[in-house]
Amino acid sequence: MSRDPETVRSPQQAPAGVSAPPVFSQLGCELAQLDARGLLRHRRVLESAQSARVTVEGRDYVAFCSNDYLGLAAHPDLIEAARQGAARYGVGAGASHLILGHTAAHHELEEQLAALTGLPRALLFSTGYMANLGVVTALAGRGDAVFADRLNHASLNDAALLSRAVFTRYRHGDVEALERMLAGSVARRKLVLTDAVFSMDGDIAPVPDLIALCERHDAWLLLDDAHGFGVLGADGRGVLEHFGAASPRVIYMATLGKAAGVFGAFVAGQQEAVDYLIQRARPYVYTTATPPMLAAALMKSVELIRNGSERRRHLRVLIARLRERLQVTRWTLMPSPTPIQPLVIGDHREAVAVSRRLADRGLLVPAIRPPTVPEGTARLRISLSAAHSIEDVERLAASLSELERAGLD
């Protein structure tokens, strides 16, 4: 099914002869300014299952823009588990977890996630954004202090602002700066927030150092492992397994719509911390539980993650092959040991142009522009999946190398 992109993307127009209210005119002006600066974002319409090979608006592509790191999003075992879950529980949960929406599927999934991560308890949330909002606003408030890496995900920043605690950001990965902040704080409760794998740079937080700081300065550490869970560690248990790290001060959050291939998120930690969140995390208390059929699918996903060493090995091979074959001099492939491989172009218009040239060749790689990344660091965010072949990666590397040499004039 083809679509006229201008028809899909244009803001809704007022009927002929009717002037738009001033508030809409203001919004229209701001949208026009974004468009003029090359920063207006558009949606593609996916017409197939999420995979390394997709159909978008009638055309087939090899896609390097999904967080489906293990290639599980369309796995037949997950589809069958969801079907059986729907047959048993229906589609909707119908209520929040604390009313009557907490099914046996949800409960068993929480137990399996706790076992997989090696932490005492796990608690399901609808999304990672909601999980971060729930944890931070439950644990921190007026009189408390929140410290956050400057490159953290927006959900952690929004959570800190909503908490009304004193909010301070430290330079990316700067453990010494964080220690000075913690040592100088007289807050009642201190909470350190960090991505485990940074979603735009692909690098990994210095988790052992952060744990040591939090133990030394009586602080909590919230690890957002959205992009590490299922990928890092021999058994896919995430960043803690990757480093062989553990601490009762850690509150671990991971999403279930990336490597796990389905939807949702969970928080894991000590018994008391999870019990407290059940009582105080507002996005948990006041939200309808996720469909139990998804919990049924996720139990199969946990099994595939636990037994997914070959998928993770293949992913590591793909990462190494991309880094070996991509030959660029003007652009910069950032150092990253993860499936997130950022190629910094610099100018955001050039990044968009390169992304379009790749699409012309049947390769989908998103251009990431400000404000998601700082001015002057626009990039292609290459996301690798175990569903990719070595040939897919070599094709991408060759195309990028050729485009950089040829220029875009």
Taking placed amide H atoms and a strict 5 Å upper bound, the residues 5 or more places from PHE167 or on another chain that come that close are VAL146
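Ordering THR290, THR332 by how much accessible area each has at a 1.4 Å probe, largest first, what is the list? Mind showing how you got there, number by number?
Working: THR290 25, THR332 75 Å².
So the residues, ranked largest to smallest area, are THR332, THR290.
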For CYS214, the accessible surface traced by a 1.4 Å probe with all protein chains present amounts, in square angstrom to the nearest 10, to 0 Å²
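Quickly rank 259-271, 27-39 as a protection proxy: mean count of other C-beta atoms within 10 Å, highest first. List each step's numbers first, then the result.
Numbers: 259-271: 24.1, 27-39: 12.4.
Output ranking for 259-271, 27-39: 259-271, 27-39.
Can you work out the accessible area per residue across the chain, with the rest of the protein chains kept in place, probe 1.4 Å, in square angstrom? Could the numbers behind the result be given before it?
Working: 19050 Å² over 409 residues.
With all protein chains present, the chain gives 47 Å² per residue.
Express the carbon and sulfur contribution to the solvent-accessible surface of the stretch 67-115 as a percent, rounded to the nearest whole number, probe 1.4 angstrom.
Heavy-atom surface of the stretch 67-115 belonging to carbon and sulfur, 1.4 Å probe: 57 percent.
When a/c reaches 1.5 or more, the comparison of a/b and b/c decides; with that in mind, is the stretch 170-328 rounded, prolate or oblate per its Cα gyration tensor? List each step's numbers first, then the result.
On the way: a/c = 2.15, a/b = 1.15, b/c = 1.87.
Oblate, since a/c reaches 1.5 and b/c is not below a/b.
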Share of accessible surface on carbon and sulfur in the stretch 163-304, whole %, 1.4 Å probe and ligands ignored, is 49 percent
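Among DSSP beta bridges whose residues both lie in the chain, state the antiparallel percentage, nearest 5. Before the final figure, lay out the partial values.
Numbers: 26 of 47 bridges.
Roughly 55 percent of the beta bridges in the chain run antiparallel, per DSSP.
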Quick note, the stretch 205-245: a/c under 1.5 would make it rounded; otherwise a/b > b/c is prolate and the rest oblate (a ≥ b ≥ c, C-alpha gyration tensor); here it is prolate
Carbon plus sulfur, as percent of the 1.4 Å-probe accessible area of the stretch 318-409, comes to 50 percent
Rounded to the nearest 10 Å², the accessible area of LEU333 using a 1.4 Å probe with every protein chain kept is 30 Å²
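The values are calculated or read from the model by the stated rules, or taken from the named source; none is laboratory data. What you are looking at is a predicted structure, and each value in this text was computed from that prediction instead of being measured. Note that each Cβ is placed from the backbone with ideal geometry, even for glycine, and that neighbours are counted across all protein chains shown. Remember, those area values only see protein heavy atoms, side chains included, never the ligands or the DNA or RNA. Shrake-Rupley method; radii C 1.70, N 1.55, O 1.52, S 1.80 Å.
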